[in-house]
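Have a look at the structure below before the remarks.
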Amino acid sequence: SLALPKYSEVREFEGKGNYAVSRYYTFPFSLFYRHKLTMIVSLLDKGKMYRNILDFGSGKAEIFKNELKKHSSEVKCVEERDNLDLRWKFDVVVCASVLEFVNLPICVRNLRHITSPNGMLVASSPMDTWMSRLYFKLIGDRKERHSHKEIMKEVHKHYFVVKYKEWFGLYFSFRGYPKI
């Protein structure tokens, strides 16, 4: 199972850049939100300890940090609004439901700059399907999002995507290596 912090440890961050903190802990939302994180973990090499990992767009609650620490002793968490220092280099850059909300051309280009030459980008986001639109309507989430096709189009400009997975027309995930 995923190593997530107790809800009591992250409850204070609800609505402070981490819109959906409670959804990681509340049924039925937890099924979807936790599966998104499981998809990301499944794209990491089993048993490998990476030099460092950036959880881009994690927000202040850092819900995924404990799980990522199983794969690297150095995990840095930043919000998507934070400025990225383009001198940084990370073996793994993780984007869990963040690429659908950012300025894609600028963000993906900057993520490419901070991905080590032998590093990788691992991401998961909601798909733009009738099922996901229905889900978001049912939960009252009316945020505008980039579609999975828009995200992948931009990602392919900067990364070779070697693994791509979809889950029930709701989420997609991928693993990409930087183009040199």
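The values are calculated or read from the model by the stated rules, or taken from the named source; none is laboratory data. Since we're looking at a predicted model, the values are computed, not measured. Ideal geometry is used to build each Cβ from the backbone, glycine not excepted, and the neighbour counts take in all protein chains shown. Note: accessible area is taken over every heavy atom of the protein model, side chains too, but ligands, DNA and RNA are not part of it. Shrake-Rupley method; radii C 1.70, N 1.55, O 1.52, S 1.80 Å.
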Arg112 fails exactly one of (1) part of a loop (DSSP other than H, G, I, E, B); (2) open to solvent by 40 Å² or more (accessible area, probe 1.4 Å); (3) modelled with pLDDT of 95 or more; (4) not polar (S, T, N, Q), namely (1)
Identify all residues within segment 117-136 that are in contact (Cβ under 8 Å) with a residue 40 or more places away in the chain, in contact with a strand residue (DSSP E or B) (Cβ under 7 Å, 6 or more places away or on another chain) and open to solvent by less than 40 Å² (accessible area, probe 1.4 Å); write none if there are none. Gly119, Met120, Leu121, Val122, Ala123, Ser124, Ser125, Pro126, Met127
Take the residues in segment 1-36 that are in contact with a Phe, Trp or Tyr (Cβ under 7 Å, 6 or more places away or on another chain) and over 21 Å from Leu138 (Cβ atoms), then tell me which one is least open to solvent (accessible area, probe 1.4 Å). Leu4
Between a first residue in segment 137-148 that is closer than 13 Å to Ala20 by Cα and a second residue that is open to solvent by 90 Å² or more (accessible area, probe 1.4 Å) and assigned to a loop (DSSP other than H, G, I, E, B), which pairs have beta carbons less than 9 Å apart while being 6 or more apart in sequence or on different chains? Asp141/Tyr19; Lys143/Tyr19
Based on this model, can you work out whether Cys107 counts as buried (at least 19 other Cβ atoms within 10 Å of the Cβ) and either touching a Leu at 6+ places or on another chain (Cβ under 6 Å) or assigned to a helix (DSSP H, G or I) (or both)? yes
Taking the condition open to solvent by 30 Å² or more (accessible area, probe 1.4 Å) and either farther than 17 Å from Asp91 by Cα or without any contact (Cβ under 8 Å) to a residue 40 or more places away in the chain (or both), does Lys179 pass? no
